[in-house]
1. Given a 10 angstrom Cα cut-off, can you work out which residue in Leu38, Leu258, Leu228 is the most mobile in a GNM of the chain?
2. Aspartates and glutamates near Lys93 by alpha-carbon distance under 20 Å, same-chain residues fewer than 8 away left out - which ones?
3. Per the Debye formula with a single identical scatterer at each Cα and no solvent contribution, what log10 I(q)/I(0) holds for region 225-295 at q = 0.14, 0.17, 0.18 Å⁻¹?
4. Restricting to the chain, what percent of DSSP beta bridges are antiparallel, rounded to 5?
5. For Rg and Dmax of the Cα atoms in Å, the listed values are (i) 23.1, 74; (ii) 19.6, 61; (iii) 20.4, 77; which was obtained by calculation from the structure presented?
6. Arrange the peptides 230-242, 196-208 so that the one whose residues have, on average, the most other Cβ atoms within 10 Å appears first.
7. Out of residues 5 or more away from Ser62 or on other chains, whose amide H comes under 5 Å of its own, with H placed 1.01 Å from N in the peptide plane?
8. What is the packing order of peptides 160-166, 130-136, taking the mean over residues of other C-beta atoms within 10 Å and listing the highest first?
Amino acid sequence: MTTTLTDAAIEIRGVTKRFGSVQAVNGIDLTVRRGEILAFLGPNGAGKTTTIDMVLGLSTPSSGTVSVLGRAPEQAVADGMISAVMQSGGLLKDLTVRETVELTASFFPRPHPVAEVLARAGIADIGERLVGKCSGGQQQRLRFAMALVPDPELVILDEPTTGMDVEGRREFWKAIREDAARGRTIVFATHYLDEADAYADRIILIRKGELVADGTSAEIKAMATGRLVRATFPGARLPALQAIPGVESVEVRGDSVLLRGRDSDAIARHLLTKTKATDLEITSQNLEEAFLALTGDTA
């Protein structure tokens, strides 16, 4: 991969995008560092695809600026510095896997070696298979191989594992992770929140065209719902539990109590020193709960 003069793979400053009376993107500021694996999440209609289109140079902002690897998105694409893996299309079913990658390579002046691209995508062993005979997961890895042909510094994945089975998703992400370990920047949009939780270094949440959360998976979970303190506490009284400093919600399930709050250490300390609670356990809320809390209509 080539070297640029900036540490930012993507810089978005004050970007808005309107389609008539519809405000699809509303003042987003975002910097994606080189070498990051970033998940771009949001409900349908939140502005994810519109933002990705502007990063790929397929659309221009109504206001604000988008820079990719220190240059305009269109120039970054023309220079082979950015590639995209979409969730469908772009394949000729009567070609073999190898022929498809060779055809893609013919479009670039200095393509990466086909054999190495196939190996990096984890499909070297099916190079002679017809594309039409490949599984959904194999076809997505083929799209990933095609995206690697120009040896890009940034790869955008838009819902890359839609329609894959569990094994196909696992194999696809193994290939992505291995390639990212070599320093490539990966930005992906997905509805599979477990993928963001497992593979992203950083997660961005967008709601109604605005960025509402930015951090690691653990930070996003804590930002939305705090942590859960579970304890064994026979005879616990609900009003007393609700009065504990920092507690935001309480559930009593038989002899067990579940207390949610942002300062879980303080809650646990209170239970251990001022009550008869035992068997304490502190856990984070899952990413799905955080996603719903931060992007739902009541956020």
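What follows draws every value from the coordinates through simple rules; no lab data is involved. Computed from a predicted structure; not experimentally measured. Cβ placement follows ideal geometry from the backbone for every residue including glycine, while neighbour counts extend to all protein chains displayed.
1. Leu258
2. Glu102, Asp125, Glu128
3. -0.39, -0.56, -0.62
4. Roughly 70 percent of the beta bridges in the chain run antiparallel, per DSSP.
5. (i)
6. Ranked from most to least packed, the peptides come out as 196-208, 230-242.
7. Thr16, Lys17, Arg18
8. Going by the mean number of other Cβ atoms within 10 Å, highest first, we get 160-166, 130-136.
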